[in-house]
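J.: Handing you this structure, nothing more for now.
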Amino acid sequence: MPKKKTKAPPIQQILKKIRPAWVEHVGSELARGMEVRAGFEKQLGRFFDLLEQSVTTGDPAWMDSILLDWAKSSTETNLEDGLYHVSFLINRMIALTIQVANETLTKQQSLDLLAAIIPIYTYGLGVVARYEMETRVAHISAEMEKVQKQMERVDRSKSAFISVAAHELKTPLTLIEGYSSMMEDLTGEQKSEQLKSLLAGMTTGVGRLRIIVDDMIDVSMIDNDLLRLNFQPAQIGTLLEALRKEVESAAQNRKLSVALSNFEGSRQWIYLDSIRITQALRNVISNAIKFTPDDGTIKIDGRLLPGFIEVTVTDTGIGISLENQNRIFEKFGQLGSVGRHSSGRTKFKGGGPGLGLPIARGILEAHGGSVWVESPGYDEKACPGSTFHILIPARTEAPDPKMTKLFDKLGRKDEIPDDPAQ
């Protein structure tokens with residue numbers, strides 16, 4: 001008589017058979033310490049109950065509740081380090097389940113078990129991985145937002161300090177200027193050489209401090225959108241020619257050549273705040289002088305673009321590294337050693353408060369323009385140089401129509417041809 005084949009036990013019986021060994025193995029490997037292990041084994045019991053339910057019903061969604069509970073228990077350290085501990089647990093459970101099945105069941109029972117539960121484990125991995133990734137992204141986003149808010153607070157504090165410090169310095173500085181002028185008047189022609197030297201030094205020092213205080217006030221106004229522009233018709237070429245003459249003496253002392261081209265658009269009448277645009281151009285040109293070695297060249301050129309006039313300031317200086325080409329337009333973003341810190345505008349590689357270029361950018365952006373720099377890099381020996389690009393809107397009308405009518409009545413367009421170069 002042939003032997004009857006033994007009927008394979010239902011998968012539920014197989015699960016019950018391996019449960020004690022499974023809980024023992026998983027608990028021993030994944031939990032440390034008796035107290036931790038006891039609590040974890042309760043969780044494993046719940047996990048196994050839901051695993052059985054999923055196998056019985058064929059619906060792996062029964063696992064969602066415990067998997068999400070575990071995933072939500074991720075610590076701050078797990079999130080900061082990017083550790084996905086529940087995914088790791090599930091992967092280890094799969095490996096330990098295979099091990100327990102091989103040790104406890106027949107080969108066929110083991111295959112039947114794995115065929116039933118591997119899809120559920122795979123589903124669980126997907127649920128956990130998706131949740132952990134979403135949690136990680138949310139954590140990183142929250143951290144970035146926190147850092148952004150901290151940076152904004154620091155920037156506001158910095159701006160507030162600049163504003164308060166500038167206005168607090170302005171009053172005593174005005175008094176010093178007044179008393180210095182009074183001393184100059186009272187002594188008249190009777191001053192000794194020593195007194196003349198002392199008064200000259202005081203005047204120079206007060207003048208430098210006045211420039212710094214005024215720059216601080218300008219930065220404060222730019223940061224708080226309080227910069228007011230007085231639009232009037234002007235020619236970029238005229239402003240640049242005045243600046244060239246202004247820096248001529250300092251350039252000669254450094255044996256620098258400052259060349260100004262009569263480019264297309266330089267004699268075109270446009271509406272701008274000539275005082276503020278001159279200030280912005282001065283800051284850029286002074287920066288070029290400061291970082292160009294003696295015997296170097298600074299070339300001021302430009303061109304007419306649709307809606308804009310572009311001014312370029314090209315030097316044969318030490319250049320600017322790529323990583324610093326944005327930084328130089330930030331407040332206090334001066335480069336170089338603090339040991340060279342100086343308020344001088346033309347001393348080679350002299351430091352400063354680092355406000356000139358940020359002010360230039362703020363003025364130009366308030367006009368609707370922009371400024372940026374191009375440089376092959378930083379090299380004090382090869383001196384690759386830099387080119388600053390300044391875009392100024394070519395406004396044919398002032399923002400206030402009344403201002404446009406006023407200057408039209410004065411006949412400004414008849415004074416000088418629009419552009420002799422055309």
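The values are calculated or read from the model by the stated rules, or taken from the named source; none is laboratory data. Predicted, not measured: the structure shown is a model, and the values here were computed from it. FYI the Cβ positions are ideal-geometry reconstructions off the backbone, even for glycines, and counts take in every protein chain you see.
J.: Among the residues of the range 377-386, is any surrounded by 13 or more Cβ atoms within 10 Å (Cβ to Cβ), polar (S, T, N, Q), farther than 26 Å from residue 156 by Cβ and modelled with pLDDT under 95?
T.: Scanning the range 377-386, I find no residue that is surrounded by 13 or more Cβ atoms within 10 Å (Cβ to Cβ), polar (S, T, N, Q), farther than 26 Å from residue 156 by Cβ and modelled with pLDDT under 95, so the answer is no.
J.: Give the residues of the range 274-293 that are under 27 Å from residue 306 (Cβ atoms), of a type in the set (Ser, Thr, Tyr) and touching a residue at least 40 places away in the same chain (Cβ under 8 Å), sorted by residue number.
T.: Once the filter is applied, which keeps residues that are under 27 Å from residue 306 (Cβ atoms), of a type in the set (Ser, Thr, Tyr) and touching a residue at least 40 places away in the same chain (Cβ under 8 Å), the range 274-293 yields only 274.
J.: For the range 204-230, what are the residues that are of a type in the set (D, E, K, R) and in a loop (DSSP other than H, G, I, E, B)?
T.: Selection gives 225, 228.
J.: Is it true that residue 154 is out of contact with any His (no Cβ under 9 Å at 6 or more places or on another chain), surrounded by 11 or more Cβ atoms within 10 Å (Cβ to Cβ) and part of a helix (DSSP H, G or I)? Full working, then the answer.
T.: Numbers: out of contact with any His (no Cβ under 9 Å at 6 or more places or on another chain): yes; surrounded by 11 or more Cβ atoms within 10 Å (Cβ to Cβ): no; part of a helix (DSSP H, G or I): yes.
No; evaluated as a whole, the condition is false for this residue.
J.: Next up: For the range 140-151, indicate whether the set of residues that are buried (at least 17 other Cβ atoms within 10 Å of the Cβ), part of a helix (DSSP H, G or I), under 31 Å from the mean Cα position of the chain (by Cα) and at pLDDT below 90 is non-empty.
T.: Scanning the range 140-151, I find no residue that is buried (at least 17 other Cβ atoms within 10 Å of the Cβ), part of a helix (DSSP H, G or I), under 31 Å from the mean Cα position of the chain (by Cα) and at pLDDT below 90, so the answer is no.
J.: Answer yes or no: is there a residue in the range 198-220 that is closer than 30 Å to residue 260 by Cα, assigned by TED's automatic domain parsing to the domain that holds residue 298 and among the hydroxyl-bearing types (Ser, Thr, Tyr).
T.: For the range 198-220, residues closer than 30 Å to residue 260 by Cα, assigned by TED's automatic domain parsing to the domain that holds residue 298 and among the hydroxyl-bearing types (Ser, Thr, Tyr): absent.
J.: Residues that are in a helix (DSSP H, G or I), modelled with pLDDT of 95 or more and in the same structural domain as residue 373 (by TED's automatic domain parsing): does the range 297-309 have at least one?
T.: Within the range 297-309, not a single residue is in a helix (DSSP H, G or I), modelled with pLDDT of 95 or more and in the same structural domain as residue 373 (by TED's automatic domain parsing).
J.: Within the range 224-273, take every residue that is acidic (Asp, Glu) and in contact (Cβ under 8 Å) with a residue 24 or more places away in the chain and give me the one that is surrounded by the most Cβ atoms within 10 Å (Cβ to Cβ).
T.: Among those residues, the one meeting the criterion is 273.
J.: Would you mention how many residues in the range 55-71 are polar (S, T, N, Q) and closer than 19 Å to residue 14 by Cα?
T.: Final tally of qualifying residues: 2.
J.: Ok, one more. Which of the residues belonging to the range 157-199 are at pLDDT below 75, in a helix (DSSP H, G or I) and over 18 Å from residue 220 (Cα atoms)?
T.: Within the range 157-199, 188, 189, 190 meet the criteria.
J.: Next question. Name the single residue, out of those in the range 158-212 being without any contact (Cβ under 8 Å) to a residue 12 or more places away in the chain and among the acidic types (Asp, Glu), that is nearest to residue 224 (Cα to Cα).
T.: 168
J.: Please verify whether residue 390 is under 27 Å from residue 166 (Cα atoms) and at pLDDT 95 or above, treating the condition exactly as stated. Break it down stepwise before answering.
T.: On the way: under 27 Å from residue 166 (Cα atoms): no; at pLDDT 95 or above: yes.
So residue 390 fails the test.
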